[in-house]
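One structure below.
The values are calculated or read from the model by the stated rules, or taken from the named source; none is laboratory data. Here the structure is a predicted model, which is why all the values come from computation and not from measurement. Glycine also receives a Cβ, built like all others from the backbone with ideal geometry; neighbour counts cover every protein chain displayed. Only protein heavy atoms, including side chains, enter the accessible area calculation; ligands, DNA and RNA are left aside. Shrake-Rupley method; radii C 1.70, N 1.55, O 1.52, S 1.80 Å.
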Amino acid sequence: MTTTYEVFDPATLEPVGTAPLHAEADVDRAVGRAVAAGPRWAADRDARRAALRGAAAALRAKAPGIGRTLSLEQGKVLREAVGEVLVAADVFDYYASLEWDEQESLPERGGRRLTVQRRPVGVVAAITPWNFPISLLSVKLAPALAAGCTVIAKPSPTTPLSTIALVDAVAEFVPDGVVQWLTGRRAVNRALSEHPKVRKISFTGSTEVGAAIAAQAAPTVKRVTLELGGNDPAIVLPDADAAFTAAGIVGSAFRNAGQVCMAVKRVFVPAEREAEFVEAIAAEAAKLVLGHGVAEGTTMGPMHSRSQLELVQGLVRDALDGGARLASGGGRGTSLPGYFLEPTVVAGAAFDTALVAGEQFGAALPVVAYTDLDRLLEGLNGQEFGLGASLWTPDLDRADELAGRIEAGTVWVNQHTQVELDAPFGGWKASGVGRERGPFGLEPYLELRTVNARSHTAPSPTPAAASAAVTAR
């Protein structure tokens, strides 16, 4: 009999459900089912398209219920949680409709006919974090299914319930074994990463855990896609409008209590306007209403865990001890017993302060003054992360020029955190390997095979001709 564990609401600290504590033997059984289901699933592209469309419709119908479960176990505002499920439905529809060639022909040469075929990579393990368990699974699950792969979803142990609901909804439209879920601790992650019949890992989470998963997958030479940490800067130019910029930055920085890999994590403002921008950002942050995610009127929920809350509080405290000042927030902001931190704006922290230089992943935002934009960009490019960045200015030509100098997977202009269905998303440097979304997100789930054919009756090439062909290549 499988052991279960409780899942808790980070706002009230009350249990909201239970999930199985799976083990290595469960992984082996799930992989066996996925392998058995693979050939039939890979053989019928029309059935895959229909299944994805059916899953999209089902997710839209179930969005209120799945969204409420997500809000309770994760902490985010209900409206955002329901929206996350609806976004997942859009992802399934997108990949149902995406046109791609299962094979293509290359020009004939020397009596040889060449065909390049695209075939599913096989069994995929999709390992997802606690901050966006639905949307981050959808950008793995939908393209993998479209490609003809079978998928085992493994959510964070603290947010399993919404993932179970999503996978169960999708499973209604596919044969047994095509899509499954496993829950539990990191032992399950490791078993999936090391299993010889799992041919691809798609992971979203911290750089530390991503590197460990890549190392575990290496002996079996798996394909690995890693969407990892980020420390996105918002770079405000001297001509930016303060009110517009502050609203846009705060909307990104404190979304999901700041627990977004691609959120604004730090703001750099021109020194001559530092006071103006600090005041505008602090005022905008103070408008947010803390509370239970499912409660009417709440616009920001709790941090997800005690450890995450204490980490961010410690970073703020260290910055203040080092000479920074609190511009707004810093308290709990509610009488609820959960892991709350008011939206906290810190001014005057140094560039190398841990709050600024590291990924704090929470409801704290440092605002740092700069005097030399070129030196700022050089400093940012010299750091380990390269997930995203944003530029804030009415001068779009200037923004385009600066965007080309930033080492990041996405550079936004006058916005931040907006992602598109058809545009690639992923990071440079320690922020990841590979891309998700759009046709770029389908490619990692496909293997290429070249079929190089010649007539059975045609004369064989002479050794000299064969050698010349190899040399030319």
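Out of T204, T158, I need the residue that is in contact with a strand residue (DSSP E or B) (Cβ under 8 Å, 6 or more places away or on another chain) and open to solvent by 10 Å² or more (accessible area, probe 1.4 Å). Which one?
Values: T204 fails: open to solvent by 10 Å² or more (accessible area, probe 1.4 Å).
The match here is T158.
Looking at the stretch 232-246, I want the residues that are closer than 10 Å to N414 by Cβ and have a partner that is open to solvent by 10 Å² or more (accessible area, probe 1.4 Å) and assigned to a helix (DSSP H, G or I) with Cβ atoms under 9 Å, at least 6 apart or on another chain. Which pairs are those?
A240/R273; T245/A280
Before we move on, is A458 open to solvent by less than 50 Å² (accessible area, probe 1.4 Å), at pLDDT below 95 and of a type outside the set (V, I, T)?
Against the criterion (open to solvent by less than 50 Å² (accessible area, probe 1.4 Å), at pLDDT below 95 and of a type outside the set (V, I, T)), A458 qualifies.
Anything in the stretch 232-287 that is among the hydrophobic types (A, V, I, L, M, F, W, C), closer than 25 Å to E310 by Cα and in a loop (DSSP other than H, G, I, E, B)? List them, or say none.
F254, V260, C261, M262, A263, V264, A286 - these are the residues of the stretch 232-287 that are among the hydrophobic types (A, V, I, L, M, F, W, C), closer than 25 Å to E310 by Cα and in a loop (DSSP other than H, G, I, E, B).
Kindly indicate which of A271, A286, A246 is surrounded by 22 or more Cβ atoms within 10 Å (Cβ to Cβ) and either at pLDDT 95 or above or basic (K, R) (or both). Don't jump to the end; show me each part of the working.
Numbers: A271 fails: surrounded by 22 or more Cβ atoms within 10 Å (Cβ to Cβ); A286 fails: surrounded by 22 or more Cβ atoms within 10 Å (Cβ to Cβ).
From the options A271, A286, A246, the qualifying one is A246.
When the residues of the stretch 167-187 are narrowed to those that are in contact with a helix residue (DSSP H, G or I) (Cβ under 6 Å, 6 or more places away or on another chain) and assigned to a helix (DSSP H, G or I), which ends up surrounded by the most Cβ atoms within 10 Å (Cβ to Cβ)?
In the first step, residues of the stretch 167-187 are kept if they are in contact with a helix residue (DSSP H, G or I) (Cβ under 6 Å, 6 or more places away or on another chain); the result is 169-170, 173-175, 177-182.
Then keep just the ones that are assigned to a helix (DSSP H, G or I); that gives 169-170.
On the way: A169: 23, V170: 28.
Among those residues, the one meeting the criterion is V170.
Among the residues of the stretch 52-85, which ones are closer than 23 Å to A363 by Cα, in a helix (DSSP H, G or I) and of a type in the set (D, E, K, R)? Show your work before the answer.
Keep residues of the stretch 52-85 that are closer than 23 Å to A363 by Cα, which gives 67-84.
Right, trim to in a helix (DSSP H, G or I) and you get 67-74, 78-84.
Across the stretch 52-85, the qualifying residues are R68, E73, R79, E80, E84.
Of everything in the stretch 86-101, what is touching a residue at least 12 places away in the same chain (Cβ under 8 Å) and part of a loop (DSSP other than H, G, I, E, B)? Give them in sequence order.
L98, W100, D101
For the stretch 115-134, how many residues meet the condition of being open to solvent by 20 Å² or more (accessible area, probe 1.4 Å), among the hydrophobic types (A, V, I, L, M, F, W, C) and part of a strand (DSSP E or B)?
Number of matching residues: 1.
Taking the stretch 370-405 as the search range and keeping residues that are open to solvent by less than 20 Å² (accessible area, probe 1.4 Å) and assigned to a loop (DSSP other than H, G, I, E, B), which one is farthest from V433 (Cα to Cα)?
Per the criteria, the residue is T393.
Working only within the stretch 4-29, note down all residues that are part of a loop (DSSP other than H, G, I, E, B), open to solvent by 60 Å² or more (accessible area, probe 1.4 Å) and closer than 20 Å to A153 by Cβ.
L21
List the pairs whose first member sits in the stretch 319-339 and is under 17 Å from A285 (Cβ atoms), whose second member is assigned to a strand (DSSP E or B) and among the polar types (S, T, N, Q), and whose Cβ atoms are under 6 Å apart, counting only residues at least 6 apart or on separate chains?
G329/T344; G330/T344
Which number in (1) within 26 Å of the chain's Cα centre (by Cα); (2) closer than 23 Å to V368 by Cβ marks the one condition that S307 misses?
(2)
Looking at the stretch 302-331 only, could you name the residues that are assigned to a loop (DSSP other than H, G, I, E, B) and farther than 15 Å from A257 by Cα? Reasoning before the result, please.
Residues of the stretch 302-331 assigned to a loop (DSSP other than H, G, I, E, B): 302-305, 322-324, 329-331.
Result: G322, G323, A324.
Does E104 satisfy being over 21 Å from D44 (Cα atoms), open to solvent by 10 Å² or more (accessible area, probe 1.4 Å) and in a strand (DSSP E or B)? Spell out the reasoning first.
Working: over 21 Å from D44 (Cα atoms): no; open to solvent by 10 Å² or more (accessible area, probe 1.4 Å): yes; in a strand (DSSP E or B): yes.
So E104 fails the test.
Here is a yes/no grid of residues against (1) open to solvent by less than 80 Å² (accessible area, probe 1.4 Å); (2) more than 30 Å from R48 (Cα to Cα):
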{"site": "Q418", "(1), (2)": "no, no"}
{"site": "A423", "(1), (2)": "yes, no"}
{"site": "G427", "(1), (2)": "yes, no"}
{"site": "S431", "(1), (2)": "yes, yes"}
{"site": "G438", "(1), (2)": "yes, no"}
{"site": "G441", "(1), (2)": "yes, no"}
{"site": "Y445", "(1), (2)": "yes, no"}
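So which residues in the stretch 198-214 are under 20 Å from the mean Cα position of the chain (by Cα) and of a type in the set (A, V, I, L, M)? Quick ask: steps written out before the conclusion?
Start the filter on the stretch 198-214 by keeping residues that are under 20 Å from the mean Cα position of the chain (by Cα), which leaves 200-214.
Matches in the stretch 198-214: I201, V209, A211, A212, I213, A214.
Within the stretch 35-76, which residues are open to solvent by less than 60 Å² (accessible area, probe 1.4 Å) and either without any contact (Cβ under 8 Å) to a residue 12 or more places away in the chain or of a type in the set (D, E, K, R) (or both)?
Within the stretch 35-76, R45, A47, R48, R49, E73, K76 qualify.
State which residue pairs qualify: first residue hydroxyl-bearing (S, T, Y) and inside the stretch 172-193, second residue open to solvent by 60 Å² or more (accessible area, probe 1.4 Å) and part of a loop (DSSP other than H, G, I, E, B) in any location, beta carbons under 8 Å apart, and separation of 6 or more residues or different chains.
T183/L21
Could you list, in sequence order, all residues of the stretch 269-292 that are touching a residue at least 24 places away in the same chain (Cβ under 8 Å) and of a type in the set (A, V, I, L, M, F, W, C)?
V269, A271, F277, V278, A280, I281, A282, A283, A285, A286, L288, L290
Scanning for something within 18 Å of the chain's Cα centre (by Cα), under 19 Å from A55 (Cβ atoms) and not small (G, A, S), does the stretch 185-197 turn up at least one residue?
Step one: filter the stretch 185-197 for residues within 18 Å of the chain's Cα centre (by Cα), giving 189.
Subsequent filtering for residues that are under 19 Å from A55 (Cβ atoms) retains none.
The answer is no; no qualifying residue exists.
Of the residues E359, E342, which single one is modelled with pLDDT under 95 and either buried (at least 19 other Cβ atoms within 10 Å of the Cβ) or under 25 Å from R79 (Cβ atoms) (or both)? Break it down stepwise before answering.
Values: E342 fails: modelled with pLDDT under 95.
So the residue among E359, E342 that is modelled with pLDDT under 95 and either buried (at least 19 other Cβ atoms within 10 Å of the Cβ) or under 25 Å from R79 (Cβ atoms) (or both) is E359.
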